[in-house]
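S.K.: Below you will find the structure I want to go over with you.
Read-outs: derived from the displayed coordinates by stated rules, not from any lab. In this text, all values refer to a predicted model and were calculated from it rather than measured experimentally. All Cβ positions, glycine included, derive from the backbone under ideal geometry; neighbour counts span all protein chains shown.
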Amino acid sequence: MGREFIDTFEKWADVYDQSVSGSDLEYQEVFRDYKYILQTVASHAKGEVLEFGVGTGNLTKELVKQGLNVIGIEPSEKMRLKAKVKIPELQLYDGDFLDFPLPDHQIDSIVSSFAFHHLTDEEKELAIENYSRLLPINGRIVFADTLFDSEIEKKKVHRWAKVHGYSHLLKDLRTEYYPIRQTLYTAFRKHHFVPYFKQMNRFAWLIVAEKN
């Protein structure tokens, strides 16, 4: 459920904002146009929003700017503390993509940025199935995350990281569960979503999936 990475989240909390701003050379391409990507996710959200993997609250801030009411879910205590400093009024709870307190009102959008890859493909599908039950017709999932258009593209990116000597990034790419686009497409369609994918940089894609 991604909880196996919680020690990493705790260690990353203090420097996460610097990493996504481009200060970490190995991850510059991963987070290229980071703010624009978050703004794009926020622009596709609507109504009452449930956000998974709040982290330090960067996407949350963009959602709030859009005038949206957000309930946040984040498994890392240190990340939650960082987010609450930025957005003191945020409703923020301990939880993850699969195990979280259910909202007491209808949710119209489920959003996340750079976090869904912490789940295995099987867990991703289970999460999508759960969200299909939670969302109304025309409710939507809006995610930004690293994924690959094909296994060939995945191998090319691994080779690129190796050639550039990005050992930490390469370890990350081999350890986490970055999906193939077709796998996600199939899971969304199976659970009554119509998904749209748009590549935002070498790594990150926008995913908008509307329930029908």
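S.K.: How much length is gained on full extension from Y196 to Q106, taking 0.36 nm per residue of separation minus their Cα-Cα distance? Walk me through the intermediate numbers first.
M.R.: Numbers: separation 90, 0.36 × 90 = 32.40 nm, distance 2.33 nm.
Taking 0.36 nm per residue and subtracting the Cα distance, the gain is 30.1 nm.
S.K.: Turning to a different aspect of this structure: Calculated FRET efficiency, D149 and K46, Cβ-Cβ r, R0 22 Å, to nearest 0.05? List each step's numbers first, then the result.
M.R.: On the way: r = 28 Å, r/R0 = 1.25.
Computed FRET efficiency for D149 and K46: 0.20.
S.K.: If you line up the Cα atoms of segment 1-127 on their principal axes, what length do they span on each, largest first, in Å?
M.R.: 42, 31, 26
S.K.: Round to a whole angstrom and tell me the spacing of the C-alpha centers of segment 99-145 and segment 157-212.
M.R.: When both Cα centres are located, 16 Å separates them.
S.K.: Once Rh is set to the Kirkwood radius over Cα pairs, what Stokes-Einstein translational diffusion coefficient, in µm²/s, holds for the chain at a temperature of 20 °C and a viscosity of 1.002 mPa s?
M.R.: Working: Rh = 17.2 Å.
Reported coefficient: 124 µm²/s.
S.K.: Hey, got a sec? Which chymotrypsin sites (Phe, Trp or Tyr not before Pro) in segment 137-210 land in a DSSP loop and have at most 16 other Cβ atoms within 10 Å?
M.R.: Details: sites: F143, F148, W160, Y166, Y177, Y185, F188, F193, Y196, F197, F203, W205; in loops: Y166, Y177, F203.
Answer by residue number: Y177.
S.K.: In percent, what relative contact order does segment 16-135 have, based on Cα pairs under 8 Å that are 6 or more apart in sequence?
M.R.: On the way: 175 pairs, mean separation 29.0, N = 120.
Reported as a whole number, the value is 24 percent.
S.K.: Can you tell which of L173, S150, Q106 lies farthest toward the positive end of the dipole of the chain, using +1 and -1 charges on the Cβ of basic and acidic side chains (Lys, Arg; Asp, Glu)?
M.R.: The Cα lying farthest towards the positive end belongs to S150.
S.K.: Per residue Cα convex hull volume for segment 58-164, in cubic angstrom?
M.R.: Working: hull volume 15.8 nm³, N = 107.
Taking only Cα atoms, segment 58-164 has a hull volume of 148 Å³ per residue.
S.K.: Using a basic spin-label model with each label point 7 Å from the Cα along Cα→Cβ, how many nm lie between K35 and D14?
M.R.: Result: 2.6 nm between the two label points.
S.K.: Simple spin-label model, 7 Å along Cα-to-Cβ: S23 to H168 in nm?
M.R.: The two pseudo-label positions are separated by 1.1 nm.
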